[in-house]
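Worksheet: the structure to be examined is printed underneath.
The values are calculated or read from the model by the stated rules, or taken from the named source; none is laboratory data. Remember, predicted model here, so these are calculated numbers, not experimental data. A quick note on method: Cβ atoms are made from the backbone with ideal geometry, for glycine too, and the neighbour counts reach across all protein chains shown.
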Amino acid sequence: MSHPRFHGVAVGRKSSVAGPKKCPDELRQRAVRLYRGSDPKPVIRRLAEQLGVHHEALRNWIRQAEADAGERPVVRAVEGEVAHGSQLGLDSAESLPVTPGSAPASLSA
């Protein structure tokens, strides 16, 4: 059954659009190494274009590498919410906000 608005596309059928492609680990490692080894840092969009990857994928790889190296705070989801600092091993002065958009008292004006 097709709907006139969908021009011959069967309603209720699964789309044949491919999901995101998985990049080889070697490409991820090379991309992060190129970014981190550059001084000054290249524009992520331009580097991603040169490597043939999406700029947000490259940005996420860089963030993950920084977190793995201890250069960026680790934030992970706990049952759909941001983990509280004590769950991440941080002391109370370094606690992360529990709800999106809220800031610790030390950061509030």
Taking the stretch 21-39 as the search range and keeping residues that are among the charged types (D, E, K, R) and assigned to a helix (DSSP H, G or I), which one is nearest to Trp61 (Cα to Cα)? Arg28
If you go through the stretch 1-42, how many residues are surrounded by 10 or more Cβ atoms within 10 Å (Cβ to Cβ) and either at pLDDT 90 or above or in contact with a Lys or Arg (Cβ under 9 Å, 6 or more places away or on another chain) (or both)? 13
Could you grab me the full set of residues in the stretch 26-44 that are over 21 Å from Arg72 (Cα atoms) and free of Cβ contacts under 8 Å to residues at least 12 places away in the same chain? Glu26
